[in-house]
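The values are calculated or read from the model by the stated rules, or taken from the named source; none is laboratory data. This is a predicted model, so every value here is computed, not measured. Cβ placement follows ideal geometry from the backbone for every residue including glycine, while neighbour counts extend to all protein chains displayed.
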Amino acid sequence: MSVLILGATSSIARAVAEQYAKLGHSLFIAARDAAEAERIASDIAIRFDTIAKSAAFDATAFDTHLDFVDSVESQLGELSVAVVAFGAMGDQGESEGDFAAAKRVIDINYTGAVSLCEALASRFEPRKRGALIGIASVAGDRGRASNYFYGSAKGAFALYLQGLRNRLHKANVTVTTVKLGFVDTRMTFGIETKLPIASPEATAQAIVNAQRRGADTLYYPQFWWGIMGIIKAIPERVFKKLSL
Ligand SMILES: NC(=O)c1ccc[n+]([C@@H]2O[C@H](COP(=O)([O-])OP(=O)(O)OC[C@H]3O[C@@H](n4cnc5c(N)ncnc54)[C@H](OP(=O)(O)O)[C@@H]3O)[C@@H](O)[C@H]2O)c1
């Protein structure tokens with residue numbers, strides 16, 4: 001089996017790549033930084049004795065995505081799994097004052113993610129096989145003042161994945177939406193929280209297990225399913241007065 005990892009410099013994505021390598025799958029490591037992608041690929045190839053190729057991609061270079069997917073398949077063979085792991089939190093304050101900054105967050109987390117999923121779906125659907133994993137966020141379950149550009153883009157991505165799953169179900173292609181809570185990565189560095197923070201390795205294991213059992217949605221850590229259930233149930237007239 002061949003697995004494409006998009007956004008491989010994320011420690012979660014890298015741990016997912018390692019899980020698949022451990023299972024004996026071939027990897028295509030894609031990241032914005034070509035040199036770093038190559039370094040990660042050769043490290044995985046050596047440590048797990050598997051094939052790992054690499055290339056650069058940019059989530060916002062929408063016009064290149066279809067050719068990119070074709071080039072990956074011409075190098076590695078038909079893809080079985082694709083992991084859309086890239087994302088960017090951006091700076092909420094900056095985005096409020098500068099729409100160009102807000103648009104960057106939307107373009108990476110939503111438009112870019114959709115563009116790549118569409119390219120992958122166009123190849124998986126006619127073959128009637130393949131699995132897509134999209135990494136969304138619990139931040140997408142309810143809009144909050146502190147991160148609503150990132151949150152709305154992730155929420156829209158989760159909704160998109162839901163529709164895509166509905167479309168691809170008929171083609172035997174699975175779509176797994178991963179809604180992550182706090183994971184210890186570069187993105188959350190310095191964030192203070194009283195809630196437990198998951199490790200990238202445990203998160204990756206949960207993601208790979210979810211894909212392999214054909215899960216539709218995974219909340220990880222799982223207790224976020226309960227937390228978001230409560231948060232979503234708070235009436236808007238109360239919620240708008242809270243500082244969450
Ligand atoms: N950590 C958490 O608590 C948490 C919670 C919920 C959801 N998530 C999601 O989990 C995923 C992984 O994030 P992380 O926590 O591991 O953070 P991270 O280390 O910041 O990883 C983000 C990844 O996205 C890539 N990326 C950003 N903009 C890109 C672009 N224009 N084109 C291609 N790649 C781009 C980054 O590449 P560079 O290295 O080149 O910047 C990096 O590989 C993201 O989708 C994130 O939104 C994380």
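Below, the figures for the structure above:
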| quantity | calculated |
| --- | --- |
| Candidate set from segment 183-203 (those that are within 14 Å of the chain's Cα centre (by Cα) and within 19 Å of Trp225 (Cβ to Cβ)); member that is surrounded by the fewest Cβ atoms within 10 Å (Cβ to Cβ) | Val183 |
| Residues (within 12 Å of the ligand (Cβ to nearest atom) and farther than 29 Å from Ile227 by Cα) located in segment 105-146 | Ser115, Leu116 |
| Residue tally, condition of a type in the set (Val, Ile, Thr) and farther than 22 Å from Ala206 by Cβ, over segment 10-66 | 4 |
| Contacts under 9 angstrom Cβ, first residue in segment 76-91 being among the charged types (D, E, K, R), partner more than 13 Å from the ligand (Cβ to nearest atom) and modelled with pLDDT of 95 or more, 6 or more apart | Glu78/Ser2; Glu78/Arg123; Glu78/Arg127; Glu78/Arg129; Glu78/Gly130; Asp91/Ala101 |
| Filtered residues of segment 86-125 (kept if surrounded by fewer than 21 Cβ atoms within 10 Å (Cβ to Cβ), in contact with a Ser or Thr (Cβ under 7 Å, 6 or more places away or on another chain) and over 30 Å from Ala171 (Cα atoms)) | Gln92, Ala101 |
| The lone exception for Asp49 - which of (1) of a type in the set (D, E, K, R); (2) within 12 Å of the ligand (Cβ to nearest atom); (3) on the phi > 0 side of the Ramachandran plot it fails | (2) |
| Complete set of residues in segment 126-168 that are surrounded by fewer than 23 Cβ atoms within 10 Å (Cβ to Cβ) and within 22 Å of Tyr20 (Cβ to Cβ) | Arg127, Lys128, Arg129, Gly130, Ala131, Leu164, Arg165, Leu168 |
| Scan of segment 145-199 for residues that are within 26 Å of Val81 (Cα to Cα), free of Cβ contacts under 8 Å to residues at least 60 places away in the same chain, outside any helix (DSSP H, G or I) and hydrophobic (A, V, I, L, M, F, W, C), ordered by number | Val173, Val175, Val178, Phe182, Ala198 |
| Sole residue being in contact with a Phe, Trp or Tyr (Cβ under 8 Å, 6 or more places away or on another chain) and buried (at least 19 other Cβ atoms within 10 Å of the Cβ), chosen from Val81, Val69 | Val81 |
| Selection count where residues are away from the ligand (no atom under 12 Å from the Cβ) and modelled with pLDDT of 95 or more, scope segment 168-200 | 9 |
| Subset of segment 45-65 [under 18 Å from the mean Cα position of the chain (by Cα) and not small (Gly, Ala, Ser)] | Phe57, Asp58, Thr60, Phe62, His65 |
